[in-house]
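Working notes, structure below.
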Amino acid sequence: MHGTTGYDFMYVVNNLFVNQAAEAAFDALYSRFIAEPTDLASLSDASKKLVLTQSLTSELEARSAELARIVEQTRRYRGFTRNSLAFGLSEFVAALEIYRTYITGPGQVSDRDRAYVDAAIHEAQARNPLVPSGLFEFLRETLLMENFESFPGEQQAALRRFVMKFQQITGPVMAKSMEDTAFYIYNRLVSLNEVGGHLNRFGASVEEFHAHNTNLAYPHAMLSSSTHDTKRSEDVRARINALSELPEDWARMVERWAVINADAKTEVNGQLAPSRNDEYLIYQTLLGAYQPGMDEDAAFLERIITYMHKAINEAKRHSNWINPNAAYAQAVADFVTHIWGSLAFRETFDAFLGRVQFFGWMNALGQTLLKLTCPGVPDIYQGNELWNFSLVDPDNRRPVDFAQRHALLDDLHDREQADRAALLRDLLATPETGAIKLYLTARTLAFRRQHEALFSQGDYAPVAVEGPQAEHLCAFVRRHAEARLLVIVPRLTAILMQGEPAAALGEAWGDTRLLLPEGLAGQPLENVLTGERVVAGQHLPLAAALAIWPLAVF
């Protein structure tokens, strides 16, 4: 085992392309559109308790009974009943902010686990001021095994087994309550509602991204961006992220669409369906998943209806899998069908999508290059070699056309050998084909193969950026022995380009420049992606580094 399966990286790299400055605007728009405030703490608590009472009741009862049998044998703790222990444990699980802890015995508790257990116990106490604090203090000491010696020797093995088995409950609770419930309820910016994510997170700074790769990354961990279990593919998230850079435009569009589509709703049990919250999700989903000129309308429509059927049942607000609400599901399907065939809606939708999709492509290329060059082992989920605008399963399990990819890869190789400059111009002029993503992936992976030690053993160092557009750039160096690799990835380019769908090249960067570290300053640099060669002194101007292509690997 070397680290994680990549969801931590996926979440921080996705957040890098979200405009943090727009959080207040999105909070206000979302609250105004759905016409109700959302308390995230209450949503999280309610979702966890719903799962505990409906899906994992037997697991919690078994662990509570197990602990009750142990305390019965110990005079000091005999006063805690099975019911009180079950209540305390459920409150602790609801308050725990992580998937699980990894405590294996007394004295074998990491600082990280201790901090999260302490925080959860404190929160559980605060939520239940009338419950004797001794119950929660006992649970804290037990889960951290601080009171291990207070139990008879013959009970200590049972106590250790209880703690280790109890820790296996919290992960499924978090997954079912957050990923499979709350993430379908809280739709502020749905590209953020992803495995391993947090509802209260809105974007990440370049400094936070560097801190992850410097302090938290394992050199041989997987780096994921799409998996079998993600709620949306990497390219869907990248496109929806672009909305955070266009908050005023997005607000105008979504409010205009609500007026245009008002007649498409159906009354179900005295309420118009879909709800405003589900309507808001539908607009983001359509915008994130549609490929103009490539998706056949009927097939795409069926995919969206299938997705929304799953979304409303996972949210458990108007329907669920156990007691499905057929009338509400039909109203949602009718709404989607009606608006997708509405000329008034499609005229405004298609025009807005034309802008958003370009910046989505730029975001997607940026996160792809970061995945291929940051510390770790890049994982490419099948089908994502080209643009892949799939949603949650079963949408992301559709057959992949590998023959198409093989043929396109061969063609790219031939054209690169013949005239790389012409190929690069054509790829940038026709990003909709996805060939630009395949070229970036293939070219970077080929370089990785040739310089294995640089990526498997090389360290990571942020590169300072100076100038007026510094916040729009993420740059770092990988170093091993005498080898140096400089990676340059733009971000938030919709803001940089003032909403005009064009690549951020040359003069767009003004006087922005990189402060080259020792080993790079004054050295000849070759761009792995384009073949360009530059020689820079202490500074490398971005206007030169990104003169003809929107990313660079020197």
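Protein chains only, probe 1.4 Å: how do K316, K176 rank by accessible area, largest first?
Numbers: K316 65, K176 85 Å².
Descending accessible area places them as K176, K316.
Give the value in nm², to one decimal: projected area of the alpha carbon convex hull of segment 122-247, averaged over all directions. Walk me through the intermediate numbers first.
Working: hull surface 48.7 nm².
Mean orientational projected area (segment 122-247, Cα hull): 12.2 nm².
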Which order do peptides 221-234, 135-148 fall in by mean Cβ count within 10 Å, highest first? 221-234, 135-148
Across the Cα atoms of segment 416-554, what radius of gyration and what greatest pairwise Cα-Cα distance (Dmax) are found, in Å? 15.0, 43
Computed over segment 157-312, Kirkwood Rh from alpha-carbon pairs, angstrom: 18.6 Å
Are any of the pairs K165/K231; K316/K371; K49/K265; K231/K265 more than 30 Å apart by Cα-Cα distance, and if so, which? K316/K371; K49/K265
Karplus (6.51, -1.76, 1.60) ³J(HN,Hα), θ = phi - 60°, over segment 300-317, in Hz, Gly and Pro reported as x: 5, 4, 5, 4, 5, 5, 4, 4, 5, 4, 5, 4, 5, 6, 5, 5, 6, 9
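Ranked highest first by the average count of other Cβ atoms within 10 Å around their residues, in what order do 236-245, 364-373 fall?
On the way: 236-245: 27.6, 364-373: 24.7.
Top to bottom by mean Cβ count within 10 Å: 236-245, 364-373.
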When the chain is reduced to its Cα atoms, the Kirkwood hydrodynamic radius in Å: 25.7 Å
Probe 1.4 Å, heavy atoms of protein chains only: per residue, the accessible area of segment 28-83 in Å² is 57 Å²
At most 15 other Cβ atoms within 10 Å and a DSSP loop assignment: could you name the GluC sites (Glu not before Pro) in segment 458-554 that fit? E482, E518
In Å², what does the accessible area per residue of segment 306-465 work out to with a 1.4 Å probe? 43 Å²
Vicinal HN-Hα couplings computed from phi for segment 396-403 (Karplus, 6.51 cos²θ - 1.76 cosθ + 1.60; Hz; Gly/Pro x): 8, 10, 5, x, 9, 7, 6, 4
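For every other residue with a beta carbon closer than 14 angstrom to the beta carbon of E66, add +1 if it is Lys or Arg and -1 if Asp or Glu, then tell me the sum. Spell out each step's value before the answer.
Working: positive: R63, R69, R82, R160, R161, K165; negative: E59, E61, E72.
That sum, taken over residues with Cβ under 14 Å, equals +3.
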Extent along principal axes [Cα atoms of segment 102-166; Å; largest to smallest]: 35, 25, 18
Roughly how much of Y218 is accessible, in Å² to the nearest 10, using a 1.4 Å probe? 120 Å²
Hey, what angle do you get for helix 326-340 against the long axis of the chain, alpha-carbon based, 0 to 90 degrees rounded to 10? 10 degrees
In whole angstrom, note down how far apart the Cα centers of segment 232-273 and segment 407-430 are. 37 Å
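So for segment 328-482, Kirkwood radius off the Cα pairs, Stokes-Einstein at 4 °C and 1.567 mPa s: how many µm² s⁻¹? Write down the numbers at each step before the final one.
Values: Rh = 18.9 Å.
Translational D for this selection: 69 µm²/s.
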Accessible area, probe 1.4 Å, largest first, for residues T5, T266: T5, T266
Rounded to the nearest 10 degrees, what's the angle between the helix 153-174 long axis and the longest principal axis of the chain, both from Cα atoms, 0 to 90? 40 degrees
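Calculate the translational D of segment 280-343 in whole µm² s⁻¹ from Stokes-Einstein, where the hydrodynamic radius comes from the Kirkwood formula applied to all Cα pairs, the temperature is 4 °C and the viscosity 1.567 mPa s.
Working: Rh = 12.3 Å.
Answer, rounded: 105 µm²/s.
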Karplus-derived 3J(HN,Hα), 6.51/-1.76/1.60, for each residue of segment 103-115, Hz, glycine and proline x: 9, 10, x, x, x, 10, 10, 6, 4, 4, 5, 4, 4
Quick query: amide H of A273 versus all other amide H atoms, modeled in the peptide plane; which residues come in under 5 Å with a sequence gap of 5 or more or a different chain? T266, E267, V268
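Of all the accessible heavy-atom surface of the chain, with the other protein chains kept in place and a 1.4 Å probe, what percent is carbon and sulfur? Kindly include the intermediate steps, with their values, before the conclusion.
Working: 12020 of 23280 Å².
Answer for the chain: carbon and sulfur cover 52 percent of the accessible area.
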Solvent-accessible ranking of D249, D401, largest area first, probe 1.4 Å: D401, D249
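Give the Kirkwood hydrodynamic radius (Å, one decimal) of segment 1-111, defined as one over the mean of 1/r across all pairs of different Cα atoms. Show your work: numbers first, answer last.
Working: mean 1/r = 0.0550 Å⁻¹.
One decimal place: 18.2 Å for the Kirkwood radius.
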Work out Dmax and Rg for segment 324-370 from the C-alpha atoms and quote the Rg first, both in angstrom. 16.4, 45
Measuring from the lowest to the highest alpha carbon on each principal axis, how far does segment 31-165 reach, largest first, in angstroms? 60, 30, 27
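The values are calculated or read from the model by the stated rules, or taken from the named source; none is laboratory data. Just so we're clear, the structure is a prediction, and the values are computed from it rather than from any experiment. Cβ sites come from the backbone with ideal geometry, for glycine too, and all protein chains shown count toward neighbours. Just so you know, the surface numbers come from the protein's heavy atoms only, side chains and all, with ligands and any DNA or RNA stripped out. Shrake-Rupley method; radii C 1.70, N 1.55, O 1.52, S 1.80 Å.
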